[in-house]
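The values are calculated or read from the model by the stated rules, or taken from the named source; none is laboratory data. From a predicted model like this one, the values you see are computed outputs, not experimental measurements. Note: ideal-geometry Cβ built from the backbone for every residue, glycine included; neighbour counts use all protein chains shown.
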Amino acid sequence: MPIGPRNEVTAGILVGAVDALIWTHFMPSVADIKEVPQYNQNIESTERTALLVCTAFTLVTAGFTKSAKVFAIGGLVILALDFATKHANAVNPDTGAMADSDSTSYPSPDYSG
């Protein structure tokens, strides 16, 4: 039996909170991730594990409650946590920026002349 609309949102928030707890169990803090070299493979593999466990928990809970709202709220929390981790892993600890200052991938045009 599906749960009521008000309880769906409450269940979704609880699923999001549990997803955050699961994520913090697997992953170090964002500040710690920013201190290691860019694109650390250990961070990447641990992030995939955390993503798999959080997604499985959200899918199972949404299946039991038969609610798309639970899935949507839990999924948004997972996306936010994953984005923050990916961004922190891309930051260069020496410069504090994602891109190196000497990057030539898309140089700006020279307007001096």
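Data table
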item	result
Residues satisfying the stated conditions in the range 60-81, i.e. surrounded by fewer than 15 Cβ atoms within 10 Å (Cβ to Cβ), more than 15 Å from the chain's Cα centre (by Cα) and in a helix (DSSP H, G or I)	Val60, Gly63, Phe64, Ala68
Pick from the range 3-40, criterion touching a helix residue (DSSP H, G or I) at 6+ places or on another chain (Cβ under 7 Å) and closer than 15 Å to Phe64 by Cα, ranking: modelled with the lowest pLDDT	Ile3
Test: Leu52 is farther than 23 Å from Arg6 by Cα and over 10 Å from the mean Cα position of the chain (by Cα)	yes
Counted residues, the range 42-72 - those being touching a residue at least 12 places away in the same chain (Cβ under 8 Å) and not charged (D, E, K, R)	18
Selection within the range 10-59 - surrounded by fewer than 15 Cβ atoms within 10 Å (Cβ to Cβ), among the acidic types (Asp, Glu) and under 12 Å from Gly74 (Cα atoms)	none
Evaluation of Thr55 against (1) in a helix (DSSP H, G or I); (2) hydroxyl-bearing (Ser, Thr, Tyr); (3) under 30 Å from Asp94 (Cβ atoms) (one fails), failing number	(3)
